[in-house]
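One structure is given below, encoded as C-alpha cells.
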Amino acid sequence: MHRALRAAVAAASAGRALSSAWVAAPRPGHYPRAVPCWGAAAPWARWLCSGREALSYDVVIVGAGPAGLAAAIRLKQLCRAADTDLSVCVLEKGSEVGAHVLSGNVFEPRALDELIPKWRQEDAPIRVPVTSDKFWFLTKNQAWTLPSPFDNKGNYVISLSQLVRWMATKAEELGVEVYPGFAASEILYDENQIVTGVATNDVGIAKDGRITLLAEGCRGSLSEVWEIEEGKHDPGSIVHTVGWPLDSKTYGGSFLYHLDDRQLAIGLVVALNYRNPFLSPYDEFQSIPYPVFPGGAIIGCSAGFLNVPKIKGTHTAMKSGMLSAEATFKALVEGSSMELYWENLKKSWIWEELYKARNYRPAFEHGLIPGMALSALER
C-alpha cells in the first residue's frame, strides 16, 4: 500500500498519464483497496470525481498527533478485543510523523495510562520527571517569584514529537496504516452532504458511509527547541511566566521546559483578544464546538480541549481520541450513532476538568493583575 501511494506521487510528478489526486474510499463489505474511477465506477464510488483513484478504509483519521494516534490505537485495541477488524488509515501532512509537532511539553500521563497501561516498560520517550516548578512575574529588568498555580507532581517534561513518533510505531504494530507526507486538501461529501472522506493534492483518502476523524491540532504558541550548556541544564525543571514582554491588558505568558540531552523548549503564548495591533494575530479562535458531524467527528486540539490554567492539552486530546474511537467502533460494528462521542465526552474526566477551569481565562478580561487575583480565588 505504501509503495502504491508513493508510486502514484512519483508518476504524477514525472508528468505521466495519472490523475493529480487519488481518493481512498471506504469498504462497504470488502471492496478492493485500489479502485480506478476512470470509466464505469463501482456503484458505491459513483460520487467520486472523474480521474481519481479510490482506496478504501473503514476509518480515516486526519492528523498523526496525540489525538489522532490515540484514536487509531484505541480502535485497533477494540477490534482485537471483539475479534473483528476495521481498516484504519492516518494521514499526516508532515514529511514524517512528528515533523509538525515541535512543542516541548509538560506531559500528564493520565490518558496514556488508560491507553497503554504498560508504557513505562515499552521504551516510551517519557523519561524526565518534573523536578521543580516555578512561576515568575516578569518586568523588563527583573523576575519576581510567585506561588505556583500549577500542580505538576507526577508529570514529565517531554518532546511531543518524540512521543507521537513512538505512538505511530505502536499504531502500526496493531495494523494501522500511517501515511506521512500527505496533507488533506478538501473534505469530500456525498449527495446528502454527509462527509465521506478527504482528498489530497497527490493522494486522496475518502470513504462512503463510514467515519472520518479530524485531528489536525491547533495553533496556540510559537515554540522553539534550543540546546544549552550542560551547566545551565536542569532536566525536569519548568518555568512559566506572565508579564513582560506583554502589556498588562494582553493575556498570555511564556514557558520554559528543560528536556533531556541539554534541550530546552521555550515559547510564548498570546491570546486572540490582544489590543496591540503590532502583535501577530492567530488565524483561528479556540473554543469547544459541537464535535460531531454527519460522517465523522472533530477530536483533540481541533475541538479546543485545552486546559488553560494547566497550559496542557495533550492528555485531553488523547482522551478525546480514545472516546471518539469507542464511538466509531460502536457506530461501525453495532450500528449506533456518533452522538455517543458527545455523550461520553460530557461524562468523562475531560468535561469535569475543563468545567472547573471555565472561569480562568475570562477573569483576565479585567487585566493581568485582577485576572491573577480572581483566578487565584477561583482555585
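What follows draws every value from the coordinates through simple rules; no lab data is involved. Every value quoted in this text rests on a predicted model; they were computed, and no experiment measured them. All Cβ positions, glycine included, derive from the backbone under ideal geometry; neighbour counts span all protein chains shown.
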Review point. Taking a 23 Å limit on the Cα-Cα distance, which of the listed pairs Lys118/Lys356; Lys76/Lys319; Lys170/Lys356; Lys319/Lys356; Lys93/Lys118 fall beyond it?
Key: Lys118/Lys356; Lys170/Lys356; Lys93/Lys118
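Which order do the peptides 312-323, 188-199 take when ranked by the mean count of other beta-carbon atoms within 10 Å per residue, highest first? Walk me through the numbers on the way to the answer.
On the way: 312-323: 27.2, 188-199: 18.6.
Packing proxy ranking, top to bottom: 312-323, 188-199.
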Check your understanding: What ranking, highest mean first, results for peptides 254-267, 129-142, 69-82 when packing means the other Cβ atoms within 10 Å averaged over each residue?
Key -> 69-82, 254-267, 129-142
